[in-house]
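What follows is a short report on a single structure.
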């Protein structure tokens, strides 16, 4: 029986960003230097494949520091942590390494500067996301107000005397964030914002790549975890850009290829915490079912590299 032809368009760039690459390397090199086990507070990045791969090498993932023993190294995830976590680690004299993405760290510093300048800060982001919890935890409670959408931006209120500033989560939808910022600037013309957009380069590039291919695709698949903010935003961006049949999957083994019967062109991308091996799995799996043609579209190279902590470079 002749196979159905399926054209695969791989969006470029896709997959691991510099912050995720750095975080994973911090765990791997800590295991090399200190031996197993090393403890990691929360998932180092939001991807089960990555987490399970590191567990096999000797990483132990815990929800809170009190689950980690005093005598073993502990690593803080790429999403960043509140200052209270550092304080707890210091009080216990733990050997700890901070894998916070430097671009998240930039937002932390901005938040601290606004607090020092007596500004009320608006954080544009999603509640309960670890990055948002970490950012809000950089300053005393009540110093930051969370805004999740345009409707909240239209109704949030402050005293006339309040000086205002805003920062954002790094993994948001570019378009949605721009809309929220526009509303805030219209309502509060003197509000202070970052000199450069807080939404990170990797999020921006991956969303742009999806926009570039969405109109050419009958369906679009995003490889990523259901708790990955940047991966979920890619699905939303693809739908908004015209590919209504866009969806999120974690692994090739989850895919019901019969759902794609009649699809001629399938776009594929991966969130910033999803490794390229997962894309290769999907391409191979598709080849078992369809007569596949493969095309990569977009700029594939990103030159940004973040240094590892000094203690791992010795």
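So for the chain, averaging the separation of alpha carbon pairs under 8 Å that are six or more residues apart and normalising by length, what relative contact order in percent results?
27
With a simple spin-label model that places each label point 7 Å from the Cα along the Cα-to-Cβ direction, the separation between residue 303 and residue 3 comes to 3.9 nm. Counting beta carbons within 10 Å around each of 17, 217 and listing the fewest first gives the order 217, 17.
When peptides 264-274, 82-92 are ranked by their average number of other Cβ atoms within 10 Å per residue, the highest-first order is 264-274, 82-92.
Directionally averaged projected area (the chain, Cα convex hull): 17.7 nm².
Beyond 22 Å, what percent of the Cα pairs of the range 103-187 remain?
Looking at the range 103-187, the distances longer than 22 Å represent 18 percent of pairs.
For the pair residue 156 and residue 48 in one chain, pulling the backbone fully straight at 0.36 nm per residue adds 35.2 nm over the alpha carbon distance.
In percent, how large is the relative contact order of the range 47-199, given Cα pairs closer than 8 Å and 6 or more residues apart? Display every interim value, and only then the final one.
Working: 202 pairs, mean separation 32.1, N = 153.
After rounding, I find 21 percent.
Starting from the Cα-Cα distance between residue 67 and residue 218, subtract it from 0.36 nm times their residue separation and give me the gain in nm to one decimal. Could the numbers behind the result be given before it?
On the way: separation 151, 0.36 × 151 = 54.36 nm, distance 4.69 nm.
Going from the current span to full extension adds 49.7 nm.
Counting only Cα atoms, the range 1-46 measures 54, 26, 19 Å along its principal axes, largest extent leading. The length gained by stretching the chain between residue 288 and residue 25 to full extension, at 0.36 nm per residue less their Cα-Cα distance, is 91.4 nm. Computing FRET efficiency as 1/(1 + (r/R0)^6) for residue 116 and residue 277, where r is the C-beta to C-beta distance and R0 is 51 Å, gives about 0.70. Residue order for 121, 293, fewest other beta carbons within 10 angstrom first, comes to 293, 121. Measuring from a point 7 Å past the Cα of residue 141 along Cα-to-C-beta, which residues in the range 78-114 have an amide N at less than 20 Å? Label zone hits: 81-89, 112.
With neighbours defined as other Cβ atoms within 10 Å of a residue's Cβ, the residues 66, 98 order from fewest to most as 66, 98.
Each reported figure results from applying straightforward, stated rules to the coordinates on display, with no laboratory input. None of these values were measured; they are calculated from a predicted model. Don't worry about glycine lacking a Cβ; one is built from the backbone with ideal geometry, like all the others, and counts go over all protein chains shown.
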